[in-house]
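Encoded as structure tokens, the structure appears first; notes follow it.
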Amino acid sequence: MLGMGGSMRSITLEAAPRSAALARRQLAPLAKAARVDLDAVLLAVSEAITNAVIHGYRGEASGVVEIHAQADSGGLTITVTDSGVGMSPNPETPGIGLGVPLMIRFADRVTFDAVTDGGTRVTMRFDAPPR
Amino acid sequence: MKPLADLTLESVEGVPVAALSGEIDVSNATELRARISELTAEGGGGLALDLTAVDYLDSSGLGMLLRVASAFSDHGKELRLVVEKDSFIASLMETTGMDGILSVGESRDEAVAELAGKR
């Protein structure tokens, strides 16, 4: 599901591993238009979705991941929200615990919030270089 | 749906050389690790794994590479990665310190020569 309005994009994807690639495809044009570091955006968003699928939903495609991206004159803000069980460790993961450190490293600012009805919201800001 | 990544294997001067292309993430990292292990189950020495045609790789991909290298090491084999200089993957390897844990070079020929020299 895709909603567009100017430089905003909202995407709702199944909480499944393949959704990370789908989100990368859909957000790339907006990141390019916002003049932010495309590789950094794709990596950080993909890590956030991976966390939602692996940690939030424990690999069960029983929910959705909501992605909202808003471009402005200074860059791009992206939120990734799930309704899972939170960011508790999951030993059944192909990763090596680098997802959160990579989000922090490649976004200019990151916040992690517990959603009131369960789940996690990750908000990432990517600054565009000065013109 | 078209696979995100492709894996090919060839023999160069008797050294197995695998080439990955496409994207490596949470959706295919575990499967790719199994395929690499399967393709290289027989034979000793090592494997040159060429990542220069990989367009995208994240922490799931790094985990896959680390686990492949660890499994190789357990069997007395060596994994040599080939990564394009100044690429995002090279930057990712450096940022995470993986370039100090894994054997990473920029040339497939050098990787093959080094592995051939150790047989």
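The values are calculated or read from the model by the stated rules, or taken from the named source; none is laboratory data. Since we're looking at a predicted model, the values are computed, not measured. Positions of Cβ are backbone-derived with ideal geometry, glycine not excepted, and every protein chain shown enters the neighbour counts. Side chains included, ligands, DNA and RNA excluded: accessible areas come from the protein's heavy atoms. Shrake-Rupley method; radii C 1.70, N 1.55, O 1.52, S 1.80 Å.
The table that follows gives values for the structure above.
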| quantity | calculated |
| --- | --- |
| HN-Hα J in Hz across segment A:19-35 - Karplus 6.51, -1.76, 1.60, θ = phi - 60°, x for Gly and Pro | 5, 4, 5, 4, 5, 4, 4, 7, 8, 4, x, 5, 5, 5, 5, 7, 6 |
| Whole-number accessible area per residue in Å² for segment B:27-96, which is evaluated in the context of all protein chains at 1.4 Å | 43 |
| Dipole magnitude (debye, nearest 20) for chain B, charges at Cβ of Lys, Arg, Asp, Glu | 360 |
| Within the protein assembly as shown, helix-based [θ] at 222 nm, where runs of 4 or more DSSP H residues each add -39,500 (n - 2.57), nearest 500 | -10500 deg cm²/dmol |
| Bridge type composition, the protein assembly as shown - antiparallel percent by DSSP, nearest 5 | 75 |
| Shape category assigned to segment B:45-119 from the gyration tensor of Cα positions, a/c cut at 1.5 | oblate |
| Delta accessible area of at least 20 Å² on complex formation, residues of segment B:36-70, 1.4 Å probe, chain isolated as reference | B:56, B:58, B:59, B:60, B:67 |
| Derived scalar couplings ³J(HN,Hα) [segment A:109-114; Karplus, 6.51 cos²θ - 1.76 cosθ + 1.60; whole Hz; x for Gly, Pro] | 8, 9, 10, 10, 10, 7 |
| Accessible area buried at the B-A interface, both sides summed, 1.4 Å probe (Å², nearest 100) | 1800 |
| For segment B:11-21, Karplus couplings with θ = phi - 60° (6.51, -1.76, 1.60), whole Hz, Gly/Pro x | 10, 10, 6, x, 9, x, 10, 9, 10, 9, 9 |
| Estimated distance in nm for a label pair at residue B:39 and residue A:104, the labels positioned 7 Å out from Cα along Cα-to-Cβ | 3.6 |
| Under the span-like rule (Cα at least 20 Å along the axis, Kyte-Doolittle mean at least -0.5), DSSP H helices of chain B | B:59-74 |
| Per-pair calculated FRET efficiency, R0 = 35 Å: residue B:74 and residue B:109 via Cβ, rounded to 0.05 | 0.80 |
| Burial of 40 Å² or greater, segment A:96-118 residues [accessible area, probe 1.4 Å, versus chain by itself] | A:96, A:98, A:102, A:106 |
| List of segment A:42-57 residues, accessible area with partners at least 40 Å² below that of the chain alone (1.4 Å probe) | A:43, A:50 |
| Electrostatic dipole magnitude of the protein assembly as shown [Cβ: Lys, Arg +1; Asp, Glu -1; Cα centre; debye, to 20] | 460 |
| Residue-normalised accessible area of segment A:20-73, given per residue in Å² at a 1.4 Å probe | 36 |
| The protein assembly as shown - percent of accessible surface contributed by carbon and sulfur, probe 1.4 Å | 50 |
